[in-house]
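For reference, the structure I am asking about is given below.
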Amino acid sequence: MKTWLKLLTVFLAFCMLTVSIQAECGEPFVLTKTQEDALSGVFFFGESTTAHLSRTGGVLDSDAHRQKVLRDESGTRCLDMRILSSPVFYYEGNKAEKISFAEVVERAQPRVLVLSFGLNGLSRWTRDTDVFLRNYRALIDGIFERSPHTHILLQSVYPVGENTGFSAPTQELNRQICKLNGHISSLANEYPNVEYVNTAALLTDADGTLLSIYNSGDGIHLTNEAYRIILRFLCQSISTQE
């Protein structure tokens, strides 16, 4: 029984690559006033690497900005056809409500919405990319239905680093990630108000692996320095649209 449970655990880790959020005990990062201004009206929604933004001690971990990171209790999401109805915390003042993501979009009317999906369920998406893209289109269409003027940024899937818990070699996982990022880039081109942002390129070494300085220790989640670089890049992308 113990062997069966161990094999099941490894299999699920590879299929979903869903890891609980582990806040890093490092130096908090602070953006400049210009960068903070660029994030005005910007919301983030995605997997645990996105939810982690509200637990890293950085600018998005403050009471004034935590509502920008839309997350549920677990801090992980998988892109499926129920994503619009999935419950997330929405802050108005000091009060947090648990409502559907679709309702948040309708209420908040985000100026910019940064979406980050693809790592959770990676092995499935690379086998059946059509399902992944269908789910992503449904999410994008649902956002525009409720907030027509929102500009959407599709982040690339971040690379992974070494972890003995993965049931596939790190390089193979990163090859799958690179392939999926190509599909996400093409998806963004289908919409006039959607842009692909290749933040993954900021974090990789020559082999496409997550640089060790940006690896929080589990091969998936990022250090504060990585988030600082990502947010700086996103701020630049947002500023060029205005």
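Kindly list the number of the only condition in (1) open to solvent by 50 Å² or more (accessible area, probe 1.4 Å); (2) in contact (Cβ under 8 Å) with a residue 12 or more places away in the chain; (3) outside any loop (DSSP other than H, G, I, E, B) that fails for Y227.
All conditions are met except number (1).
With the requirement that a residue be within 20 Å of R124 (Cβ to Cβ) and either part of a loop (DSSP other than H, G, I, E, B) or touching a strand residue (DSSP E or B) at 6+ places or on another chain (Cβ under 6 Å) (or both), what does the stretch 68-86 give you?
Within the stretch 68-86, S74, T76, R77, C78, L79, D80, M81, R82, S86 qualify.
Under the condition of being modelled with pLDDT under 85 and surrounded by fewer than 17 Cβ atoms within 10 Å (Cβ to Cβ), which residue from the stretch 67-90 is nearest to R137 (Cα to Cα)?
D72
Somewhere in the stretch 29-44, is a residue at pLDDT 85 or above, crowded, with 19+ Cβ neighbours inside 10 Å and part of a helix (DSSP H, G or I)?
no
Within the stretch 156-174, track down each residue that is open to solvent by less than 40 Å² (accessible area, probe 1.4 Å), in a loop (DSSP other than H, G, I, E, B) and over 16 Å from N120 (Cβ atoms).
Once the filter is applied, which keeps residues that are open to solvent by less than 40 Å² (accessible area, probe 1.4 Å), in a loop (DSSP other than H, G, I, E, B) and over 16 Å from N120 (Cβ atoms), the stretch 156-174 yields only G161.
How many residues are of a type in the set (A, V, I, L, M) and farther than 22 Å from Q35 by Cα when one looks only at the stretch 189-231?
5
Among the residues of the stretch 175-221, what is the count of those that are in contact with a Pro (Cβ under 8 Å, 6 or more places away or on another chain) and either open to solvent by less than 20 Å² (accessible area, probe 1.4 Å) or closer than 18 Å to S48 by Cα (or both)?
5
Using the structure shown, decide if S237 is assigned to a helix (DSSP H, G or I), in contact with a strand residue (DSSP E or B) (Cβ under 8 Å, 6 or more places away or on another chain) and not acidic (D, E).
Numbers: assigned to a helix (DSSP H, G or I): yes; in contact with a strand residue (DSSP E or B) (Cβ under 8 Å, 6 or more places away or on another chain): yes; not acidic (D, E): yes.
Against the criterion (assigned to a helix (DSSP H, G or I), in contact with a strand residue (DSSP E or B) (Cβ under 8 Å, 6 or more places away or on another chain) and not acidic (D, E)), S237 qualifies.
Something else now. Of everything in the stretch 92-148, what is among the aliphatic types (A, V, I, L, M), outside any loop (DSSP other than H, G, I, E, B) and farther than 19 Å from F43 by Cβ? Give them in sequence order.
L122, V131, L133
Moving on. If you check Y136 against the conditions, is it surrounded by 21 or more Cβ atoms within 10 Å (Cβ to Cβ) and hydroxyl-bearing (S, T, Y)?
Values: surrounded by 21 or more Cβ atoms within 10 Å (Cβ to Cβ): yes; hydroxyl-bearing (S, T, Y): yes.
Answer is yes for this residue.
For T240, indicate whether it is polar (S, T, N, Q) and in contact (Cβ under 8 Å) with a residue 24 or more places away in the chain.
no
Oh, and also: Somewhere in the stretch 111-125, is a residue surrounded by fewer than 21 Cβ atoms within 10 Å (Cβ to Cβ), at pLDDT 95 or above and among the polar types (S, T, N, Q)?
The answer is no, given that none of the residues of the stretch 111-125 is surrounded by fewer than 21 Cβ atoms within 10 Å (Cβ to Cβ), at pLDDT 95 or above and among the polar types (S, T, N, Q).
Hey, another quick one. May I ask you to verify whether T199 is hydroxyl-bearing (S, T, Y) and at pLDDT below 95?
no
Please work out which one of (1) modelled with pLDDT under 95; (2) under 19 Å from the mean Cα position of the chain (by Cα); (3) of a type in the set (K, R) is the condition R137 fails and give its number.
For R137, the failing item is (1).
The values are calculated or read from the model by the stated rules, or taken from the named source; none is laboratory data. What you see is a predicted model; the values in this text were computed from it and never measured. Every residue, glycine among them, receives a Cβ derived from its backbone with ideal geometry; neighbour counts consider all protein chains shown. SASA here: full protein model, heavy atoms, side chains in, ligands and nucleic acids out. Shrake-Rupley method; radii C 1.70, N 1.55, O 1.52, S 1.80 Å.
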